[in-house]
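**Q** If you scroll down you'll find the structure; I have some questions about it.
The values are calculated or read from the model by the stated rules, or taken from the named source; none is laboratory data. Because the structure is a prediction, the values reported are computed rather than measured. Here the Cβ positions follow ideal geometry from the backbone for every residue, glycine too, while neighbour counts run over all protein chains shown.
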Amino acid sequence: MCDVPSQVSCGDLVALDAYFKRFKSQSMTAQGRDMSVWAPFFEAAASTPAGTETSIDKAMEVALFRRPAQDVLDAIPNPTLLQLPEPIPYPHVETCKLDKCSCPPGTLYSKCSEHDFVAIKTAYDPEAPDNRREPYLTETDPGLPPDIRAKLWTSKEMRFAEDAAVPTDLEDLAQKLKTHFDENGMKQPKKYIRIHPELYAGKELMILDQDDKLIALIDGSISTHITRNLAARLKAALACSLKPEDEVRHRDSKKDEDRAFVALHFEIYARYCYKGDNFPVDVSPFLLVDEQNNPLPHTTLQPYESTDMVNRHQAFEELRAAWQMLFDHVRDKLYQHLPDEFEEVVAYANSLPHWTAPAAYPFSGFVVNLNVMTRSHRDTKDTSICLVLVLGEPEGGDLCLVEPGLTVKLREGDFIVFPSGKITHFNLHYVGVAKSVHVEPGLNARIRDNADQSYSTASESVAGGVSKGSGDGAVSGQQQNTQRTRLEFPIDDADPAETAVLGVKGETMYAESNGNVYWDLEGMGANQTKDQREAVMRAAGYSDHFMSGFARD
């Protein structure tokens, strides 16, 4: 609140607007002043005699129903103004001085002189046509369901990933990567290079594309006092919250590859919410109504906790506490060695309600995968990087990055960071116990800079707006006779095969993706009905009006 004037003329609209814009909101901000409407008042105010300023302290006292000062000149000498909390502070470490020199492909160099941190530049071009398309969809029969296409393509591709070339050391890895990509920045067909733990043990290894952007960062430097007992703590936390068939077990994934693995999402979501693009810009979100003159359910505008955070809250809190040192280490490494990606990821976390850091900060939460076996896919809902950390020491199970042609073996406690929305990935079959922790930023959230921008749309959520949902269903009272609610629309503009039907109050009634129904009116998720979810939220003190828009997950 520095540089806030202690006095301002109530007739100076420019000064007033500048003053009140300093008060930032974590939900919806004011729409701003339409100067064409205010022009007559603006002209009259401009002729107000000088010396008629009103003390801000006096105005605040009046607003708070306190006894005001007797005179403008009686202002309190050292006023105590409203102090807004600062963004979540980042403690402990400073960004490292990274070597940003652009080297030719195949160069191995030290990325940071203060840490055992090396990088290899490659000729990989993520924008090359073959690297942008999703091969498990483009190279298979389009008449088959997407999951069958992914299964068939992955089975064939596994053979090539298993036959990956094995470098002897980091210098050999750099040389192999030098010839791994053609003049168009694409890997040699069906070729993979294996990155085994001996290459990065005790250090960090970064692989970069032709523009020095991240392909993958592999960290094998986590201290054993942090990684010790991570799996045991997971088992203890989930002991009473899993069905017997879902518990961690020894598995040969080749023999039961069709068995679904368990994924527990402890995250804060911004899915299935309204966008602000099509809302009237001159109406506050709190005043918007639908065709039936019902208020817009504001719960459809703000991020919310996942079903697993609600149903397994005790397990979530225990894991959050048990893994705090791990999350702190990950946060520090990202801040030190991926500063640009850190700033992109943390924008979502810092804009969440209540100024509270989410678990796995700077990410918006974490996912625990049990008995995990994944087929080829891209995490298209991820807006930036994701991080995968392995728990357990199964035989096999390597993570395969298709377009760069890398087969990465991770030990327990090692983690890899990569842009999962742009790189197709899967893991090889394994024998043993496989668990992983997957952390990600706000899902498909479009981040706006809360510090520097005032929103021009009428319904920006605390996450800065999201790309799920649509604003066509809400109109102002003056417009309700000229616009109609469109109930069926693509959830994601980039995926027209993903559709949903909303009720008149904004609640999700039905949703499907590529013909596969994954939401209907009867269910909040796989294990909870709408009524059960509403009962939980109502017991927590939420009103019926709040619950009207909560049928989503």
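**Q** Which of the numbered conditions does Ala322 fail, given that it passes all the others? Conditions: (1) closer than 15 Å to Leu234 by Cα; (2) small (Gly, Ala, Ser); (3) assigned by TED's automatic domain parsing to the domain that holds Ala216.
**A** If we test Ala322 against (1) closer than 15 Å to Leu234 by Cα; (2) small (Gly, Ala, Ser); (3) assigned by TED's automatic domain parsing to the domain that holds Ala216, just (3) comes out false.
**Q** I've got another one for you. Can you find even one residue in region 251-267 that is closer than 30 Å to Ser36 by Cβ and either in the same structural domain as Asn369 (by TED's automatic domain parsing) or crowded, with 19+ Cβ neighbours inside 10 Å (or both)?
**A** For region 251-267, residues closer than 30 Å to Ser36 by Cβ and either in the same structural domain as Asn369 (by TED's automatic domain parsing) or crowded, with 19+ Cβ neighbours inside 10 Å (or both): absent.
**Q** Please verify whether region 387-403 includes one or more residues that are within 22 Å of the chain's Cα centre (by Cα) and part of a loop (DSSP other than H, G, I, E, B).
**A** no
**Q** If you don't mind, another one. Show the residue pairs that are 6+ apart or on different chains and have beta-carbon atoms under 6 Å apart, the first residue being within region 161-181 and buried (at least 21 other Cβ atoms within 10 Å of the Cβ), the second being of a type in the set (A, V, I, L, M) and assigned to a loop (DSSP other than H, G, I, E, B).
**A** From region 161-181, the pairs are Phe181/Ala123.
**Q** While we're here: Do we have any residue at all in region 271-287 that's closer than 15 Å to Val372 by Cα, touching a residue at least 60 places away in the same chain (Cβ under 8 Å), surrounded by 14 or more Cβ atoms within 10 Å (Cβ to Cβ) and among the charged types (D, E, K, R)?
**A** no
**Q** Is at least one residue of region 346-359 modelled with pLDDT of 85 or more, of a type in the set (A, V, I, L, M, F, W, C) and outside any helix (DSSP H, G or I)?
**A** no
**Q** Which residue out of Gln336, Gln314 is part of a helix (DSSP H, G or I) and over 24 Å from Gly421 (Cα atoms)?
**A** After ruling out the rest, the residue left standing is Gln314.
**Q** Return the residues of region 119-136 that are touching a helix residue (DSSP H, G or I) at 6+ places or on another chain (Cβ under 8 Å), at pLDDT 90 or above and either in a helix (DSSP H, G or I) or buried (at least 21 other Cβ atoms within 10 Å of the Cβ) (or both); say none if nothing qualifies.
**A** If the condition is that a residue be touching a helix residue (DSSP H, G or I) at 6+ places or on another chain (Cβ under 8 Å), at pLDDT 90 or above and either in a helix (DSSP H, G or I) or buried (at least 21 other Cβ atoms within 10 Å of the Cβ) (or both), then Ile120, Thr122, Tyr124, Pro135 are the ones that fit.
**Q** Next question, about the same structure. Out of Gly220, Gly202, which single residue is surrounded by fewer than 21 Cβ atoms within 10 Å (Cβ to Cβ), within 26 Å of Lys100 (Cβ to Cβ) and touching a strand residue (DSSP E or B) at 6+ places or on another chain (Cβ under 9 Å)?
**A** Within the list Gly220, Gly202, the selection yields Gly220.
**Q** Against the condition hydrophobic (A, V, I, L, M, F, W, C), modelled with pLDDT of 75 or more, over 18 Å from the mean Cα position of the chain (by Cα) and within 22 Å of His329 (Cα to Cα), how does Val408 come out, does it pass?
**A** Yes.
**Q** Go over the candidates Asn229, Asn184 one by one and state the one that is under 26 Å from Lys100 (Cβ atoms) and free of Cβ contacts under 8 Å to residues at least 60 places away in the same chain.
**A** Matching residue, one of Asn229, Asn184: Asn184.
**Q** What is the one condition in (1) more than 13 Å from the chain's Cα centre (by Cα); (2) surrounded by fewer than 22 Cβ atoms within 10 Å (Cβ to Cβ) that Asn350 does not satisfy?
**A** Just one mismatch for Asn350, condition (1).
**Q** While we're here: Quick check, is Pro167 in a loop (DSSP other than H, G, I, E, B), modelled with pLDDT of 90 or more and not polar (S, T, N, Q)?
**A** So Pro167 fits the description; yes.
**Q** Kindly establish whether Leu296 is modelled with pLDDT under 85, over 30 Å from Val118 (Cβ atoms) and crowded, with 16+ Cβ neighbours inside 10 Å.
**A** Yes.
**Q** Any idea how many residues of region 339-394 are over 26 Å from Leu234 (Cα atoms) and of a type in the set (S, T, N, Q)?
**A** Residues meeting the conditions: 6.
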